[in-house]
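Asks: Have a look at this one before I ask anything.
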C-alpha cells in the first residue's frame, strides 16, 4: 500500500488509514448523538410510562449533560496517556451498553440513574474522537473535516427523528433505546482499521500528572474555552432539545409532522457544518463562526413565531444551518488552541464543562415559558446567547493552520 506525506497530518499514515480514523470519529459522535437525542422525542411517552411530569423527563436530559465532564476527564486522560484508539473503543462500549439498559427501565428512578451514568460515556467521546480526527486529517482539509465530524451530532439527531417516525409507532419507546446498543459493534471496526496518530505518539507523556499540569499552565486559555463552550451549548441545546415539544405544544403540530420537520432541519444542520467548516479554512475560524451566528440571529422571529408548519420548518432549517455551522468549526478551533500533550483532555474537558454549566438550559427555558410563553422564552434566550457568543468568539485568538506534526517535533514529549 503506497505511503505519502500529507501536510499537517501523520506522515506515515496512508490516505486509506486517515479515512478510517476520521470515519470512526464521525460514527462515534453520530451514534452518541443518536443515543442522547432519543429522549428528546420521548418526553411525553416517558412521562406517561413512569407516571411523572414532563419536567421530570426533561430533568433527565440535564442529568446526562451534567455528568459529561466526568467522562471527558476520565477518557481524555486515558486517551492522552495511552492512545486515542483504545480510549475510543472503551468509550463507545460504555455509552452503548448504558443506552441499551435504558430500554429495560422499570421505573423513573432506574431510568434517571441510567441516563446519569450514560452521561459519563457520552462525555468522553467528543474529546477523544475530535483529537483523533484532527490529528489525522490533512491540514489543508482540517476545516472541512472539522465540519464533517461535528455534523455527526446532526446526523445522530436526524437518526433519532427517523426512529421516532418509524420505530416508535411500530415497536414502542423501549425499542428506541435498544437500537442505541448497536454502536457497540463499531468497536470491532476501530480495532481492525484505526491507527494511532503520529502527533500523539510524538507528544506522549510519561504520567497523568504531566497531562493535568497543562490545564494549570494554560489556565487563562482553558477558562476562555470553557466560557466559549458554555455559550455554544446554550445555543445548541437551547435551539434543539425543546423544539419538538415547542412545535407540538405551542403550534399544535402533529407528532409525525414534528418528526418530519426535525429530519429537515437536521439536513440543514449537516449542510451548515460542512459549509462553514470549509469557509473557516479560507477566511478564519472566528470569522466563520460569526457569520454562521448572524444567520441564526436573523431567523429567530420566523423560527419562534412562524404561522404555518412550512414557515416554521424553513426557519428551523436556516436556524440549524447557522447553529451547527458555528459548531462545525469547533473541533478544528479547539484542537488548534490546545497544548499538544493534552489534545484530548483539554478541549474535551472545556467542551464538557461548558455542558455542565449549560445543563439547566432546557429546565430554564421550560420554566421561562410559564412567564413569557413558549415562543418568547426560546427566542429571547437565544437572542441573548447569540449576541454574547459573537462577542466572546471575537475576543479570543485563533491558530488556523497550525501544523500538529511540526509542533510535535519541536516540543517532543513535554
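Asks: Taking segment 275-290 on its own, how many of its residues are surrounded by fewer than 22 Cβ atoms within 10 Å (Cβ to Cβ) and either under 20 Å from the mean Cα position of the chain (by Cα) or not in a helix (DSSP H, G or I) (or both)?
Replies: 5
Asks: Applying the selection to segment 132-147, what residues are buried (at least 24 other Cβ atoms within 10 Å of the Cβ) and over 17 Å from residue 325 (Cα atoms)?
Replies: Scanning segment 132-147 gives 132, 133, 134, 135, 136, 137.
Asks: Do we have residue 152 as assigned to a helix (DSSP H, G or I) and closer than 17 Å to residue 30 by Cα here?
Replies: Yes: the conditions hold for residue 152.
Asks: Can you find a residue that is at negative phi, part of a helix (DSSP H, G or I), surrounded by 22 or more Cβ atoms within 10 Å (Cβ to Cβ) and under 18 Å from the mean Cα position of the chain (by Cα) anywhere in segment 359-376?
Replies: Yes: segment 359-376 contains one or more residues that are at negative phi, part of a helix (DSSP H, G or I), surrounded by 22 or more Cβ atoms within 10 Å (Cβ to Cβ) and under 18 Å from the mean Cα position of the chain (by Cα).
Asks: Still on this structure: Pick from 168, 185: which is without any contact (Cβ under 8 Å) to a residue 24 or more places away in the chain and either in contact with a strand residue (DSSP E or B) (Cβ under 8 Å, 6 or more places away or on another chain) or over 25 Å from residue 323 (Cα atoms) (or both)?
Replies: The match here is 185.
Asks: Here is a follow-up. With out of contact with any strand residue (DSSP E or B) (no Cβ under 9 Å at 6 or more places or on another chain), without any contact (Cβ under 8 Å) to a residue 12 or more places away in the chain and part of a helix (DSSP H, G or I) as the only criterion, which of 116, 109 stands out?
Replies: 109
Asks: Ok, one more. Tally up the residues in segment 234-258 that are outside any helix (DSSP H, G or I) and crowded, with 17+ Cβ neighbours inside 10 Å, please.
Replies: Selection size over segment 234-258: 4.
Asks: Among the residues of segment 49-76, write down those that are without any contact (Cβ under 8 Å) to a residue 40 or more places away in the chain and surrounded by fewer than 19 Cβ atoms within 10 Å (Cβ to Cβ).
Replies: Selection gives 53 alone.
Asks: Among the residues of segment 188-200 satisfying the criterion of being in contact (Cβ under 8 Å) with a residue 24 or more places away in the chain and not in a loop (DSSP other than H, G, I, E, B), which is nearest to the chain's Cα centre (by Cα)?
Replies: Among those residues, the one meeting the criterion is 190.
Asks: Here's something else I'd like to know. Check off (1) without any contact (Cβ under 8 Å) to a residue 24 or more places away in the chain; (2) assigned to a helix (DSSP H, G or I) for residue 341 and give me the number that stays unchecked.
Replies: If we test residue 341 against (1) without any contact (Cβ under 8 Å) to a residue 24 or more places away in the chain; (2) assigned to a helix (DSSP H, G or I), just (1) comes out false.
Asks: Scan 225, 231, 271, 264 and give me the residue that is modelled with pLDDT of 85 or more, part of a helix (DSSP H, G or I), surrounded by fewer than 19 Cβ atoms within 10 Å (Cβ to Cβ) and under 23 Å from the mean Cα position of the chain (by Cα).
Replies: Result of the check over 225, 231, 271, 264: 264.
The values are calculated or read from the model by the stated rules, or taken from the named source; none is laboratory data. This is a predicted model, so every value here is computed, not measured. Neighbour counts run over all protein chains shown; Cβ positions are idealised from the backbone, glycine included.
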